[in-house]
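Heads up: the structure comes next, in structure tokens.
Read-outs: derived from the displayed coordinates by stated rules, not from any lab. Since the structure is predicted, the reported quantities are computational estimates derived from the model, not experimental observations. Counting neighbours? That spans all protein chains shown, and the Cβs are built from the backbone with ideal geometry, glycine included.
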Amino acid sequence: MTWSNSIADRANPLGIVGAGLMGGGIAQAIAASGRQVVLCARNADRASDTKARIRTSVERQVSRGRMSEDKGRRIVDLIAVSPFTPQELSRCGLVIESVAEDRPTKEDVLQQIERAVTIDTVVATNTSGLPVSGLATALRCPERFLGLHFFSPAERMPLVEVVRGERTSGRALRDGLALVKAIGKVPIVVRDGPSFFATRVFAAYLDEAVCMLQEGVEAERIDMAAIAVGRAIGPLATLDETGITLNLQQAKQARADGQQARFCRPLAEPVLKVLAESGRCGRGRGGGFYNWPASGERAPWAGLGSLYPRADGQPDGRAVELRLLAAEAREAMRCLEEGTISSADDADTASVLGLGFPKSSGGIASWVETFGISQFVELCSRLAAAHGERFAPSPWLHELARGGTGLSKYRKTESES
């Protein structure tokens with residue numbers, strides 16, 4: 001097999017299949033770097049709507065002073081939106097699949113892409129958590145396949161997880177990294193596995209918030225605790241923003257894939273299911289945990305009180321803060337222990353740039369070090385006794401605490417930075 005060594009070359013158009021919000025956002029991010037984009041809508045009727053949506057999105061950024069009018073026009077002009085046809089993709093050096101988080105749908109689209117492109121073309125999936133190696137089994141040439149997990153909104157979020165599957169070639173990985181850097185994004189390489197790093201860690205944070213709600217902790221108390229430590233928005237409001245049904249689908253797909261129970265979001269799925277069945281599917285669908293008026297402040301949905309009655313004794317704000325931080329940090333440390341992420345530095349980068357972790361802390365691994373690893377182990381032990389085994393510190397974490405050197409052995413050297 002021959003490979004393109006010029007994926008980052010501006011003369012090479014890049015393809016995207018899936019013209020939803022993520023596909024359109026990725027197209028904008030690529031076009032903003034001066035590269036041509038072929039954006040294929042699977043539904044021909046949506047092609048013109050997609051172009052109009054992209055134009056509106058760009059105009060909004062211009063109106064907010066994020067870019068000039070000239071640059072906005074160039075971005076729109078560089079994106080060609082069309083129905084999904086082989087002729088449109090055959091000239092692309094790299095094609096990104098960006099359709100719904102549903103394995104059969106993704107596999108079908110990836111097979112169509114592979115039939116449409118040349119043998120030199122790198123094929124990528126924009127998945128937030130489906131194992132790349134599993135999707136690769138649908139392809140004839142899994143060596144040229146990798147994951148490029150963009151974060152929403154893709155036109156603005158700087159982080160991209162670059163996921164190497166079991167059969168991903170080193171050349172394909174280098175091409176993926178070159179592309180991400182060429183469009184001005186920050187890549188981190190993660191090991192393939194359920195939910196990779198960022199989605200897995202963020203799910204632990206979001207789901208702990210849902211668990212507290214089930215216990216009777218007030219929704220606003222939970223979200224205000226997250227904001228108090230530097231988050232821009234609380235976890236329950238975040239679930240509304242990202243979509244209740246999307247999060248529920250992630251849990252269902254993980255279970256359908258036969259993943260371990262811990263990856264199937266057992267804490268949150270029952271609540272997400274109840275909300276979805278009640279028509280509370282998220283902010284874009286009329287509301288979820290909160291009502292979202294067109295003007296004015298959001299307010300918790302009145303129905304939450306009957307579904308999850310307020311407990312008489314409410315925890316203080318600091319207790320909620322530490323529980324949320326510990327849930328997220330414990331999962332991040334588990335990822336570092338298991339090799340899902342290669343360094344504490346990458347954990348910090350991913351948490352700040354992809355998950356909205358407070359930048360002032362330096363990132364999630366830095367927070368653990370500042371808090372103190374021994375103190376973190378003690379906190380996790382207390383939380384495990386009170387709330388469950390998910391918090392329990394591992395022998396690896398106990399050994400780190402005894403070592404007294406923090407995460408220094410998991411930090412990059414100057415030559416690696």
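Descriptive notes on the structure:
- Cut-off 16 Å (backbone N to label point 7 Å along Cα→Cβ of Q111), residues of region 136-174: 136-142
- Rg to Rh quotient for region 177-296, alpha carbon positions, Kirkwood Rh: 1.01
- Measuring nothing but alpha carbons in region 33-121 and taking Rh as the Kirkwood radius, the Rg to Rh ratio lands at 1.02.
- Over the chain: helical MRE at 222 nm, DSSP H runs n ≥ 4 each giving -39500 (n - 2.57), nearest 500: -15000 deg cm²/dmol
- Share, in percent, of DSSP beta bridges within region 14-191 that are antiparallel, nearest 5: 15 percent
- Here region 277-358 is treated as a Stokes sphere of Kirkwood radius computed over C-alpha pairs; at 25 °C and 0.890 mPa s its diffusion coefficient rounds to 153 µm²/s.
- Taking label points 7 Å from Cα along the Cα-to-Cβ direction, S63 and A44 give a separation of 3.3 nm.
- Helix 373-387 axis, angle to the chain major axis (alpha carbon atoms, nearest 10°): 80 degrees
- Cα lying deepest toward the dipole's positive end in the chain, options T238, A261, V123, charges on Cβ: V123
- Coupling constants for region 30-37 follow from the phi torsions by the Karplus curve (6.51 cos²θ - 1.76 cosθ + 1.60, θ = phi - 60°), and in residue order they are 6, 5, 5, 8, x, 9, 6, 10 Hz; glycine and proline get x.
- Taking the inverse of the mean 1/r over every pair of distinct Cα atoms in region 163-224 gives a Kirkwood hydrodynamic radius of 14.4 Å.
- For region 14-191: relative contact order, % (alpha-carbon pairs under 8 angstrom, 6 or more apart): 21 percent
- Take every Cα pair under 8 Å whose residues are at least 6 apart in sequence, average their separation, divide by the length of the chain, and the relative contact order is 12 percent.
- Length-normalised contact order for region 55-114 - Cα pairs under 8 Å, 6+ apart - percent: 20 percent
- Taking one quarter of the surface of the convex hull spanned by the alpha-carbon atoms of the chain gives a direction-averaged projected area of 20.7 nm².
- Quotient of the Cα radius of gyration of region 334-377 and 2.2 N^0.38 Å, N being its number of residues: 1.10.
- Inter-probe distance in nm under a simple model that places probes 7 Å from Cα toward Cβ, at E337 and R285: 3.6 nm
- Alpha-carbon geometry of region 191-242: the Rg and the Dmax are 11.9, 37 Å, given in that order.
- Temperature 10 °C, viscosity 1.306 mPa s: under these conditions the Stokes-Einstein estimate for region 90-190, based on its Kirkwood radius over C-alpha pairs, is 119 µm² per second.
- R0 of 25 Å, Cβ-Cβ distance E297-R55: FRET efficiency to nearest 0.05: 0.20
- Here, region 14-191 yields an orientationally averaged convex hull projection of 8.9 nm² when only Cα atoms define the hull.
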